[in-house]
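Visitor: Please read through the structure below; I'll follow up with questions.
None of the figures in this text is laboratory data; all of them are computed from the coordinates on show. Since this is a predicted model, take the numbers as computed values, not measurements. Methodologically, a virtual Cβ is constructed for each residue, glycine included, from the backbone with ideal geometry; neighbour enumeration extends over all protein chains shown.
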Amino acid sequence: MNYFESIFDVAYLLAVITFSILIIRKGIIKKQKATIIFGVMGLLLGFGDSFHLIPRIVGHLTTGLADYQMALGVGKLITGITMTVFYYLIYLFYTIKTNNYNKKIHISIMTLIVLRFALLALPGNDWVNNGTELFYGVLRNIPFAILGTIIVILFLHVGKREEFKMFKQIGIWIIVSFVCYIIVVVGSGFIPVLGAFMIPKTVAYFIIIYIGYKNS
């Protein structure tokens, strides 16, 4: 299982980074700001995920995860930050691509992002020891889940139009990713095997990037 997860993680990182670079290249060639932003968003996804996946890969292939608790914890913090920025960029991509901008929604999203960062900074998260306390795991993800919900609503709504059907597809996969993530955050502390839901969550994010590549 350790070897399978390691191979899966390496393949995911390489695929996301490769497709994101190709998206940026297409955006530059076509001079499309929205496409470039989507590619940068994908690069940020791969870059951020590498901080918690690489320690896992190293741990699995060497002496075990227990010897890399600080790297795993700090990696999760960095990923938490970059994933929050990821959702801001995907929102920015949406506003540019569809020309839909709502000041109240924008303020709500920025407020949730600031709140999310504040909660990530709480000492109780105990990042340096790879803290796993359920209370803080749930608390820091409340604004993140609300942020994701707003994005999904926006995407599914505009995705009803044929020219923007990619947003409906992305919205569905965001739902899949959040359902899997919530199962891991809430349930894996009680039933460790539920941590395996990180795999379909990861697949969902790759599919989001692939949809962007197909439509770029």
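Visitor: For the range 3-99, state which trypsin sites (Lys or Arg not before Pro) are in a DSSP loop and have at most 13 other beta carbons lying within 10 Å of their beta carbon.
Guide: 31
Visitor: In the range 96-193, which chymotrypsin sites (Phe, Trp or Tyr not before Pro) are in a loop and have at most 13 other Cβ atoms within 10 Å, using DSSP for the loop call?
Guide: Within the range 96-193, the qualifying chymotrypsin sites (Phe, Trp or Tyr not before Pro) (loop, at most 13 other Cβ atoms within 10 Å) are 101, 190.
Visitor: Relative to the longest principal axis of the chain, what angle (0 to 90°, nearest 10) does the C-alpha long axis of helix 33-61 take?
Guide: The answer is roughly 10 degrees.
Visitor: To continue, here is another question. What does the charge count near residue 141 come to, summing +1 for each Lys or Arg and -1 for each Asp or Glu among other residues with Cβ under 14 Å from its Cβ?
Guide: +3
Visitor: Please report the spacing between the Cα centers of the range 148-183 and the range 65-133 in Å, no decimals.
Guide: Cα centroid to Cα centroid, the span is 18 Å.
Visitor: Relative to the longest principal axis of the chain, what angle (0 to 90°, nearest 10) does the C-alpha long axis of helix 69-98 take?
Guide: 10
Visitor: Relative contact order (percent) for the chain, with alpha-carbon contacts under 8 angstrom and 6 or more residues of separation?
Guide: In percent, rounded to a whole number, it is 20.
Visitor: Summing -39500 (n - 2.57) over the DSSP H runs of n ≥ 4 in the chain and dividing by its residue number, what mean residue ellipticity at 222 nm do you reach, to the nearest 500 deg cm²/dmol?
Guide: -27000 deg cm²/dmol
Visitor: Between 0 and 90 degrees, rounded to the nearest ten: what's the tilt of helix 2-30 against the longest Cα principal axis of the chain?
Guide: With rounding to tens, the tilt is 20 degrees.
Visitor: On to the next question. For residue 130, what charge total do you get from the other residues with a beta carbon under 12 Å from its beta carbon, if Lys and Arg give +1 and Asp and Glu give -1?
Guide: Summing Lys and Arg as +1 and Asp and Glu as -1 gives -1.
Visitor: Which label marks the calculated value of Rg and Dmax of the Cα atoms in Å, given the options (1) 18.7, 56; (2) 20.3, 64; (3) 17.3, 52?
Guide: The calculated read-out lines up with (3).
Visitor: Lysine pairs in the range 2-214 with Cα distance under 19 Å, only those 8 or more apart or on different chains: how many are there?
Guide: 18
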